[in-house]
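Chemist: Pasting a structure below so you can have a look.
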Amino acid sequence: MKYLIEFVERGDIEKSTVFPHLKCSTDEAGILQVMVRRYITGQEDSGVLELLQECFGAEEYGYLARLNHIKNLLELGWITQQSFTPLKISEACTLELLNATVTLSTPLLRLLELGSLEMTLPETKPYEDHLEYLQDQFFRIELYQKISTVRHQGNEQSLSIHRLQHKLELLEKRIGERIAQTTTEIALEKYIRDSELEGKEEVIFLALLKEEYNAGDSSLREMTALIDLISTDEYDRIRNRSLLEEGSKLLSDEIIDYEEMLNPFGGISRAFYIVDEVLQNIMHPQKKKKVHKLKLDMLIKEQDIFELVDPRTSLDDVVLNPSTRKVLDNLMHQMDKQVVQRLVSWGIKTKQQGVDARIIFYGPPGTGKTMTAYSLAKSLKRQVLSFDCSKILSMYVGESEKNVRKIFDTYKELTEKTKTEPILMLNEADQFLSARSSGTGGSAEQMHNQMQNIFLEQIEAFRGVLIATTNLLENIDSAFSRRFNYKIEFKRPDRDQRRVLWEKMLPKNAPFEEEFDVNTLSEYNLSGGQINLIIKNTAFAVATMEEPKFTVQAFVEEIEKEKRGTFDSEKSMGFLKG
């Protein structure tokens with residue numbers, strides 16, 4: 001502590017060992033000297049007003065002219081404000097500091113302890129293994145984080161930020177020199193080189209890798225935090241967003257990926273992570289996977305149960321009743337990894353990896369149950385394994401019970417082989433979910449009951465996300481109802497929602513009559529599926545005209561046909577009429 005004692009006792013403060021490092025005036029160093037004396041006698045905080053009065057006297061308000069010393073010491077980083085809402089120094093009025101409370105900063109205390117803040121790096125020598133290299137790279141990310149924090153405090157010109165940038169430059173130079181001397185291959189360095197990651201892309205990648213190793217609070221995974229890490233100002237932040245958007249190198253080359261989550265303000269935020277295959281090769285370079293990760297679409301071709309769906313629309317593309325949308329948003333929120341981790345820590349859940357949810361979408365045909373299931377999967381960044389339950393009896397005559405198990409066994413087998421977690425979707429699951437009979441009927445009835453019992457067992461044991469769609473919730477057996485933790489109703493759209501649906505589905509480049517009014521069409525009580533079908537059939541009719549033009553009357557004619565039931569709403573949309 002000789003440097004601290006010397007600084008406190010030195011009468012001519014300019015001759016103290018640490019003074020050249022302070023880069024401040026003699027008066028400002030005098031203020032620090034008073035604060036240090038207080039600090040070592042147990043007074044950690046100092047009010048600016050009484051501090052200035054002690055240093056420069058209270059007569060004729062002369063101490064007010066010295067407020068700029070406090071501001072400069074704050075900007076240099078030698079003192080900090082003690083407040084839950086500290087002022088942003090670059091924007092603060094000097095007079096605002098008069099009644100503030102300040103304390104010595106950690107860099108100043110370290111300077112007083114060591115006598116210097118110059119970074120002394122060990123002798124440059126080759127890396128012995130990839131862990132040494134990781135240690136240097138993670139220290140590099142820590143410096144980026146510290147610089148970002150100082151910038152957020154508005155101290156862009158502070159001495160501390162210049163010291164941190166100098167440390168960063170020295171460290172990056174040293175990493176380069178050590179790599180040049182290293183003869184053994186470093187897996188991480190090779191991957192960065194082979195992937196041709198440029199400066200800012202490399203920093204983002206290393207920051208996410210640091211999160212994987214540290215298993216911290218994951219705050220550095222968020223887009224805003226990653227952008228701040230590599231940006232110097234607001235313009236830079238806007239420009240750097242492109243590095244984490246669709247089409248960027250990191251995402252296009254499948255180096256990183258992201259999950260979308262509901263934030264506390266109701267918006268969607270992205271949490272980024274390094275994809276598993278890249279992570280495996282870097283974190284365990286000696287352990288080569290014996291089996292290649294199989295693609296789900298390749299395995300689907302080898303079975304006849306599921307259809308694989310890669311969703312193209314997100315929940316933002318779906319027109320839903322507000323109450324339905326609210327429940328879905330809440331569901332999305334509860335499926336956040338952060339929420340799951342909290343539940344595990346509270347003892348509510350017993351496993352941290354993966355999310356379990358058994359969901360029923362119920363409502364009239366054409367209300368968007370299937371499309372919403374796909375859109376939910378898109379928002380969760382999952383594929384969908386879809387099974388049409390209406391075919392279970394016709395496809396497997398005499399073996400229905402056996403093949404109920406086969407649905408779930410095949411799903412489990414596919415997920416284990418591909419190391420993925422697609423959503424299992426059971427379309428038109430009415431016969432699976434309907435109330436069981438008393439069992440006094442014939443063999444068909446007994447087979448149906450047995451099939452449902454097996455289905456009940458499989459639902460109970462299911463791990464993952466399952467969505468079942470049905471038209472009538474009131475017919476569901478109470479035993480099934482208890483097994484589903486989310487039951488979400490899909491109502492027929494009201495007039496405003498129908499107008500939005502018409503506007504979304506009407507062909508954009510088609511010719512319309514001048515007086516065409518979509519509000520007239522929205523008055524008809526139709527489901528989204530009916531609107532889609534009517535538009536397709538109207539388009540076929542209009543396309544055959546010599547001078548094709550979409551009119552309200554043409555749509556009304558198709559609407560009347562739909563109302564009279566002249567064609568089946570379940571038929572393929574846009575079929576040719578005989």
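The values are calculated or read from the model by the stated rules, or taken from the named source; none is laboratory data. Owing to the predicted nature of the structure, the values given are computational and were not obtained by experimental measurement. Cβ coordinates were reconstructed from backbone atoms using ideal geometry, including for glycine residues, and neighbour counts include every protein chain displayed. Remember, those area values only see protein heavy atoms, side chains included, never the ligands or the DNA or RNA. Shrake-Rupley method; radii C 1.70, N 1.55, O 1.52, S 1.80 Å.
Chemist: With the structure loaded, tell me whether ARG312 is open to solvent by 40 Å² or more (accessible area, probe 1.4 Å), in a loop (DSSP other than H, G, I, E, B) and at pLDDT 80 or above or whether it fails that test.
Modeler: yes
Chemist: Counting only residues that are out of contact with any Leu (no Cβ under 7 Å at 6 or more places or on another chain) and at pLDDT below 85, which one in the stretch 461-482 is surrounded by the fewest Cβ atoms within 10 Å (Cβ to Cβ)?
Modeler: Restricting to residues being out of contact with any Leu (no Cβ under 7 Å at 6 or more places or on another chain) and at pLDDT below 85, the top hit is GLU474.
Chemist: Collect the residues in the stretch 466-503 that are of a type in the set (S, T, N, Q) and outside any helix (DSSP H, G or I), keeping them in residue-number order.
Modeler: Within the stretch 466-503, THR469, THR470, ASN471, ASN485 meet the criteria.
Chemist: Having 1 or more residues that are of a type in the set (Val, Ile, Thr) and either farther than 25 Å from ARG163 by Cα or touching a residue at least 12 places away in the same chain (Cβ under 8 Å) (or both) is the bar; report the strands (runs of 3 or more DSSP E) wholly within the stretch 27-111 that clear it.
Modeler: 79-81, 101-104
Chemist: Does TYR39 meet the test of being at pLDDT 90 or above and among the aromatic types (Phe, Trp, Tyr)?
Modeler: Working: at pLDDT 90 or above: yes; among the aromatic types (Phe, Trp, Tyr): yes.
Yes; evaluated as a whole, the condition is true for this residue.
Chemist: Taking the options LEU197, LEU206, LEU220, name whichever one is surrounded by 13 or more Cβ atoms within 10 Å (Cβ to Cβ), assigned to a loop (DSSP other than H, G, I, E, B) and not aromatic (Phe, Trp, Tyr).
Modeler: LEU197
Chemist: What are the pairs with Cβ atoms under 6 angstrom where one residue, in the stretch 523-550, is under 22 Å from VAL318 (Cα atoms) and the other, located anywhere, is open to solvent by 80 Å² or more (accessible area, probe 1.4 Å)? Sequence gap at least six, or different chains.
Modeler: Pairs that qualify, where the first residue is under 22 Å from VAL318 (Cα atoms) and the partner is open to solvent by 80 Å² or more (accessible area, probe 1.4 Å), are SER527/ARG492; LEU533/MET573; LYS536/MET573.
Chemist: Taking GLN553, is it open to solvent by 90 Å² or more (accessible area, probe 1.4 Å), at pLDDT 85 or above and farther than 27 Å from SER434 by Cβ?
Modeler: The answer is yes for GLN553.
Chemist: When you go through (1) touching a strand residue (DSSP E or B) at 6+ places or on another chain (Cβ under 8 Å); (2) crowded, with 16+ Cβ neighbours inside 10 Å one by one for GLU489, which number turns out not to apply?
Modeler: (2)
Chemist: Can you pull out the residues in the stretch 232-256 that are outside any loop (DSSP other than H, G, I, E, B) and of a type in the set (Gly, Ala, Ser)? Spell out how you get there, then give the answer.
Modeler: Taking the stretch 232-256 as the starting set, the residues that turn out to be outside any loop (DSSP other than H, G, I, E, B) are 234-244, 249-252, 256.
Answer for the stretch 232-256, where residues must be outside any loop (DSSP other than H, G, I, E, B) and of a type in the set (Gly, Ala, Ser): SER242, SER252.
Chemist: Here's another thing I want to ask about it. When you go through LYS2, LYS71 one by one, which is the residue that is of a type in the set (Lys, Arg) and open to solvent by 60 Å² or more (accessible area, probe 1.4 Å)? Show your work before the answer.
Modeler: Numbers: LYS71 fails: open to solvent by 60 Å² or more (accessible area, probe 1.4 Å).
Answer to the selection: LYS2.
Chemist: Keeping to the stretch 504-535, report how many residues are farther than 20 Å from LYS369 by Cα and in a helix (DSSP H, G or I). If you could, list the steps in order and put the result at the bottom.
Modeler: Within the stretch 504-535, the subset farther than 20 Å from LYS369 by Cα is 506-524.
From what's left, in a helix (DSSP H, G or I): 518-522.
Selection size over the stretch 504-535: 5.
Chemist: Shifting gears a bit: In the list GLY77, GLY47, which residue meets the criterion of being open to solvent by less than 50 Å² (accessible area, probe 1.4 Å) and modelled with pLDDT under 90?
Modeler: Going through GLY77, GLY47 in turn, just one is open to solvent by less than 50 Å² (accessible area, probe 1.4 Å) and modelled with pLDDT under 90: GLY77.
Chemist: Which residues, counting only those in the stretch 503-542, are acidic (Asp, Glu) and open to solvent by 70 Å² or more (accessible area, probe 1.4 Å)?
Modeler: Passing the criteria: GLU503, GLU514, GLU515, GLU523.
Chemist: So, in the stretch 462-520, exactly how many residues are among the aromatic types (Phe, Trp, Tyr), without any contact (Cβ under 8 Å) to a residue 60 or more places away in the chain and closer than 28 Å to ILE359 by Cα?
Modeler: Number of matching residues: 1.
Chemist: Okay, moving on. Just give me the residues in the stretch 224-245 being more than 17 Å from HIS152 (Cβ to Cβ) and crowded, with 17+ Cβ neighbours inside 10 Å, in sequence order.
Modeler: LEU243, LEU244
Chemist: Of all residues in the stretch 112-162, which are over 30 Å from GLU6 (Cα atoms), modelled with pLDDT under 80 and part of a helix (DSSP H, G or I)?
Modeler: Answer for the stretch 112-162, where residues must be over 30 Å from GLU6 (Cα atoms), modelled with pLDDT under 80 and part of a helix (DSSP H, G or I): ARG151, HIS152.
Chemist: Of all residues in the stretch 413-431 being under 14 Å from CYS389 (Cα atoms) and at pLDDT 75 or above, which is most open to solvent (accessible area, probe 1.4 Å)?
Modeler: By that ranking, first place goes to GLU428.
Chemist: Whether any residue in the stretch 90-107 is touching an Asp or Glu at 6+ places or on another chain (Cβ under 6 Å), crowded, with 16+ Cβ neighbours inside 10 Å, farther than 30 Å from LEU209 by Cα and at pLDDT below 75 is what I want to check.
Modeler: The answer is no, given that none of the residues of the stretch 90-107 is touching an Asp or Glu at 6+ places or on another chain (Cβ under 6 Å), crowded, with 16+ Cβ neighbours inside 10 Å, farther than 30 Å from LEU209 by Cα and at pLDDT below 75.
Chemist: Quick check, is GLN280 in a helix (DSSP H, G or I), modelled with pLDDT of 80 or more and under 30 Å from GLN137 (Cβ atoms)?
Modeler: yes
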